[in-house]
Amino acid sequence: MGHIVKVRKPRPVNLDLQTIRFPITAIASIAHRVSGVITFISVAILLWLLSLSLSSPSGFEAASNIVNSLFAKFVLWGILTALAYHIVGGIRHLLMDMGHFEEMESGSQSAKIGFIITAVLSVLAGILVW
């Protein structure tokens, strides 16, 4: 009994990352994952800040000074923006799980709408932080 062995033809490999163009739906999916990682990591930062503020009156003063610095405000704005995008992207994924926006055109439109909603929420977060 002889086995037939299929020989794979070498496929062309494009290693030039500048020529690869992801569809907006892929960008939205990758951004959703990245925002989830940022949100997860930020929980540790925010819990540390909460612990510092509750430790003592001087700890509260130290936490207040940290939060009032320009760098910390920028970080808080980034955390809120990542959280907003993760929530918006999560709602989009839940809608897709229910059978909506599964076609390429409607999926692209929902990704664009998600980015627009996140931009608006990001501006509102900036107003809240500053």
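Within the stretch 68-88, if we keep just the residues that are of a type in the set (Val, Ile, Thr) and touching a helix residue (DSSP H, G or I) at 6+ places or on another chain (Cβ under 7 Å), the residue that is farthest from Val43 (Cα to Cα) turns out to be Val88. Being assigned to a helix (DSSP H, G or I), farther than 23 Å from Trp130 by Cα and polar (S, T, N, Q) is the requirement here; does Ser53 meet it? No; evaluated as a whole, the condition is false for this residue.
Residues of the stretch 18-42 that are outside any helix (DSSP H, G or I) and within 17 Å of Ser110 (Cα to Cα): Phe22, Pro23. Scanning the stretch 119-127 finds one or more residues that are modelled with pLDDT of 95 or more, within 14 Å of Ala28 (Cβ to Cβ) and in a helix (DSSP H, G or I). Selection of the stretch 51-75 for residues being farther than 24 Å from Ile38 by Cα, surrounded by 13 or more Cβ atoms within 10 Å (Cβ to Cβ) and not small (Gly, Ala, Ser) yields only Phe60.
Restricted to the stretch 67-116, and to residues there that are of a type in the set (D, E, K, R) and assigned to a helix (DSSP H, G or I), the residue that is farthest from the chain's Cα centre (by Cα) is Glu105.
The values are calculated or read from the model by the stated rules, or taken from the named source; none is laboratory data. None of these values were measured; they are calculated from a predicted model. In this analysis, Cβ positions are derived from the backbone assuming ideal geometry, glycine residues included, and neighbour counts consider all displayed protein chains.
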